[in-house]
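Working notes for the structure below.
The values are calculated or read from the model by the stated rules, or taken from the named source; none is laboratory data. As the structure is a computational prediction, the values presented were derived from the model and not from experiment. Neighbour counts run over all protein chains shown; Cβ positions are idealised from the backbone, glycine included.
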Amino acid sequence: MPPRIPQQSAATSGPKHAGIEAGLGAELAPVVSGARRRALRDGDRQIDTAHLLHSLLECDPEVRAVFDGGPQLARLLGYLVQRSIGYGLRWQSAVENSGGGPAVTGGSWSPVAADALRGAYERAVLRGDERARGLDLLAALVADPRSRAVEVLGRAGVELPRMTGRVESGREERVGGGDAG
């Protein structure tokens with residue numbers, strides 16, 4: 001019988017999270033939900049940027065297209081899976097915090113992940129959109145060089161400047177191409 005996934009507590013779904021998640025588009029709802037489930041299932045104290053990255057890669061084909069095809073994406077997903085099955089145990093007792101704010105425990109967003117969610121929304125606003133998309137979140141995840149997402153990408157051999165350039169190209173195509181999506 002497969003293990004039961006713990007239910008989300010009221011503490012992780014209350015109003016303090018609604019503000020952080022309010023600017024995310026409908027396409028990011030499954031990403032947020034998946035990151036939350038992954039953190040709960042793994043027994044992590046917080047939902048961090050690596051949880052968001054993993055869920056984003058699973059849910060968003062535009063984000064997957066940013067990476068150098070099959071081998072790089074497979075290596076990245078392989079590393080994320082290793083982390084979720086135990087490689088990341090050294091992270092469970094630590095809090096992802098870039099020093100920018102207080103650490104919050106109990107299944108809530110790490111400060112760096114919360115900043116990334118806000119950053120994704122800010123990118124959308126600069127683009128003239130009311131809701132963030134997957135590429136906005138990916139760019140925001142790598143904005144803090146001390147984030148776990150950046151560490152995971154680096155260990156998987158992803159060249160961040162090249163990836164960021166592709167994210168920006170995709171963003172420009174969406175803006176200039178009249179995407180109705």
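For LEU40, are the conditions met, namely being more than 29 Å from GLY128 (Cα to Cα), at pLDDT 80 or above, assigned to a helix (DSSP H, G or I) and out of contact with any Asp or Glu (no Cβ under 6 Å at 6 or more places or on another chain)? Steps first, please.
Numbers: more than 29 Å from GLY128 (Cα to Cα): yes; at pLDDT 80 or above: yes; assigned to a helix (DSSP H, G or I): yes; out of contact with any Asp or Glu (no Cβ under 6 Å at 6 or more places or on another chain): yes.
Here the answer is yes, as LEU40 does meet what is asked.
Can you tell me which residue within segment 54-77, out of those that are outside any loop (DSSP other than H, G, I, E, B) and either touching a Pro at 6+ places or on another chain (Cβ under 6 Å) or of a type in the set (Val, Ile, Thr) (or both), is surrounded by the most Cβ atoms within 10 Å (Cβ to Cβ)? Working first, answer last.
So the first thing to find is which residues in segment 54-77 are outside any loop (DSSP other than H, G, I, E, B), and the list is 54-59, 61-64, 69-77.
Okay, now just the ones that are also either touching a Pro at 6+ places or on another chain (Cβ under 6 Å) or of a type in the set (Val, Ile, Thr) (or both), so 59, 63.
Values: CYS59: 19, VAL63: 22.
Only one residue fits best here, namely VAL63.
Need the failing condition index for GLY106 against (1) small (Gly, Ala, Ser); (2) more than 16 Å from the chain's Cα centre (by Cα); (3) at pLDDT 55 or above, just the number.
(3)
Condition first: aliphatic (A, V, I, L, M) and at pLDDT 55 or above. Now tell me which residues in segment 78-93 satisfy that.
Restricting attention to segment 78-93, the residues satisfying the condition of being aliphatic (A, V, I, L, M) are 80-81, 85, 89.
Across segment 78-93, the qualifying residues are LEU80, VAL81, ILE85.
For the structure I just gave you, tell me whether TYR121 is of a type in the set (Phe, Trp, Tyr), modelled with pLDDT of 85 or more, part of a helix (DSSP H, G or I) and surrounded by 15 or more Cβ atoms within 10 Å (Cβ to Cβ). Walk me through it before giving the result.
Details: of a type in the set (Phe, Trp, Tyr): yes; modelled with pLDDT of 85 or more: yes; part of a helix (DSSP H, G or I): yes; surrounded by 15 or more Cβ atoms within 10 Å (Cβ to Cβ): yes.
Taking the combined requirement at face value, the residue satisfies it.
Restricting to segment 131-150, and then to whatever is of a type in the set (D, E, K, R) and modelled with pLDDT of 90 or more, can you tell me which residue is nearest to SER33 (Cα to Cα)?
Initially, segment 131-150 is screened for residues of a type in the set (D, E, K, R), giving 131, 133, 136, 144, 146, 148.
From what's left, modelled with pLDDT of 90 or more: 131, 133, 136, 144, 148.
On the way: ARG131: 17, ARG133: 15, ASP136: 17, ASP144: 22, ARG148: 19 Å.
Applying the filter and picking the extreme gives ARG133.
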